[in-house]
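Trainee: For reference, the structure I am asking about is given below.
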Amino acid sequence: MAYNLSETAAGDPVYHAPNGLNYIAGGNLANCTLPACPVQLSVYGYRASLPFSATLIALYALCAVAQTYLGVRYKTWSFMAAMLLGCLTEILGYVGRIIMWNNPWDSNGFIMQIVLITIGPVFFSAAIYVQLYQLAIYISASASRFAPKLFWWVFIPCDIVSLILQAVGGAMSSSSNGNSSVGVNIALAGLAIQVATLVMFIVATLDYAWLSRGVASEKKSTLQFKLFAGSLGAATILILIRCTYRVYELSQGYSRDSKALRDQPLFIGLEGVMVILAAWCLVVAHPGPVFKSRKGGLVEKQKMAGSEEAVV
């Protein structure tokens with residue numbers, strides 16, 4: 001459908017309504033609301049799904065409760081902190097989506113969802129990365145190609161760099177209402193680093209699985225360990241799929257001509273569903289039941305060169 005449009009000096013669209021009033025449909029001075037302006041003139045071109053956003057908020061809240069219980073019970077403080085930060089970030093991001101459901105041109109809602117939903121999975125990735133170190137200590141540190149602590153010093157710094165770039169890029173994009181190509185490129189760089197880090201993690205995990213294939217078979221044969229390993233692998237793949245989608249989505253920028261950006265079912269399936277499934281996989285893949293006793297003490301202390309101790 002064709003709309004009567006012009007542009008401000010800054011290049012933001014101006015909608016000339018049939019009643020003779022003019023509304024700015026983009027940028028920091030946007031004053032469009034529903035039903036004064038057609039939703040197709042908003043950045044996303046649709047109203048964010050209220051039922052989906054509300055459902056995810058509830059599921060992330062339940063996930064946070066489960067992670068708090070397990071974290072306190074097994075004293076897995078760093079894992080719990082990463083998961084709670086991820087859940088809280090996602091909850092606030094989807095609150096932003098609800099604000100945009102009410103008004104697709106609301107700048108506060110746009111800022112919340114573009115920054116927080118973008119960076120949320122970084123915290124879940126961090127929770128995944130610490131598991132390879134713990135896994136190597138639990139099964140056999142000597143079977144690892146590298147000192148297990150190296151897994152911390154490679155993957156966690158990469159995750160932090162990815163977080164910073166995505167946060168900065170998202171903030172720049174949100175402050176310009178999606179018009180900053182520099183912000184988009186910075187966020188893309190952060191997402192690309194996250195994808196590369198996840199791929200490196202998968203390769204490192206498969207490498208360790210191969211090298212340790214004949215070690216501690218009794219530990220790896222239990223149903224509990226198989227559920228842990230399967231869920232951890234599933235969470236990794238789900239986040240990788242999500243990040244690949246976001247690279248594709250942002251590669252077209254925040255242009256109103258971007259088909260990926262304006263495709264809500266694609267966002268729901270490859271962003272929302274992928275990440276919430278990963279978050280719940282990490283409830284099943286919680287390190288406590290596998291690596292620690294019911295009382296929260298270490299199942300065992302394994303000695304290795306450098307006297308490393310298993311701590312999550």
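Trainee: Output the qualifying pairs, or none if there are none: Cβ atoms under 9 angstrom, residues six or more apart or on different chains, first residue in the stretch 59-85 and farther than 19 Å from V290 by Cα, second residue surrounded by 20 or more Cβ atoms within 10 Å (Cβ to Cβ) and among the aromatic types (F, W, Y).
Mentor: Y60/Y94; L84/F123; L85/F123
Residues checked against (1) polar (S, T, N, Q); (2) in contact with a Leu (Cβ under 9 Å, 6 or more places away or on another chain):
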residue	(1), (2)
W77	no, no
M80	no, yes
M83	no, yes
T89	yes, yes
G96	no, yes
P104	no, yes
S107	yes, no
M112	no, yes
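Residues checked against (1) touching a helix residue (DSSP H, G or I) at 6+ places or on another chain (Cβ under 9 Å); (2) at pLDDT 90 or above; (3) part of a loop (DSSP other than H, G, I, E, B):
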site: M1; (1), (2), (3): yes, no, yes
site: V14; (1), (2), (3): no, yes, no
site: P18; (1), (2), (3): no, yes, yes
site: C37; (1), (2), (3): no, yes, yes
site: Y44; (1), (2), (3): yes, yes, yes
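Trainee: Out of the residues in the stretch 221-259 meeting the condition of being among the basic types (K, R) and surrounded by 15 or more Cβ atoms within 10 Å (Cβ to Cβ), tell me which one is farthest from V122 (Cα to Cα).
Mentor: Checked the stretch 221-259; the qualifying residue farthest from V122 (Cα to Cα) is R256.
Trainee: Right, next: Kindly indicate the residue of the stretch 6-32 that is touching a residue at least 24 places away in the same chain (Cβ under 8 Å) and touching a Phe, Trp or Tyr at 6+ places or on another chain (Cβ under 7 Å) and also surrounded by the most Cβ atoms within 10 Å (Cβ to Cβ) among those meeting that condition.
Mentor: The residue in question is A25.
Trainee: To continue, here is another question. Answer yes or no: is there a residue in the stretch 274-292 that is without any contact (Cβ under 8 Å) to a residue 12 or more places away in the chain, assigned by TED's automatic domain parsing to the domain that holds L198 and not basic (K, R).
Mentor: Within the stretch 274-292 (the criterion being without any contact (Cβ under 8 Å) to a residue 12 or more places away in the chain, assigned by TED's automatic domain parsing to the domain that holds L198 and not basic (K, R)), the answer is no, since none of the residues qualifies.
Trainee: Can you pull out the helices (runs of 4 or more DSSP H) entirely within the stretch 208-267 that have at least 1 residues that are closer than 30 Å to L165 by Cβ and of a type in the set (A, V, I, L, M)?
Mentor: Here the list reads 223-250, 264-267.
Trainee: A further question on this structure: Yes or no: G190 modelled with pLDDT under 90 and under 16 Å from the mean Cα position of the chain (by Cα)?
Mentor: no
Trainee: When you scan the stretch 231-262, how many residues do you find that are over 19 Å from G170 (Cα atoms) and of a type outside the set (A, V, I, L, M, F, W, C)?
Mentor: Qualifying residue count for the region: 5.
Trainee: Looking only at residues in the stretch 139-176 that are of a type in the set (F, W, Y) and in a helix (DSSP H, G or I), which one is farthest from I111 (Cα to Cα)?
Mentor: F151
Trainee: Only one of these conditions is not met by A127: (1) under 24 Å from N185 (Cβ atoms); (2) surrounded by 24 or more Cβ atoms within 10 Å (Cβ to Cβ). Which number is it?
Mentor: (1)
The values are calculated or read from the model by the stated rules, or taken from the named source; none is laboratory data. Bear in mind the structure is a predicted one, so any value in this text is a computation, not a measurement. Using ideal geometry, Cβ is built from the backbone for each residue, glycine included, and neighbour counts are taken over all protein chains shown.
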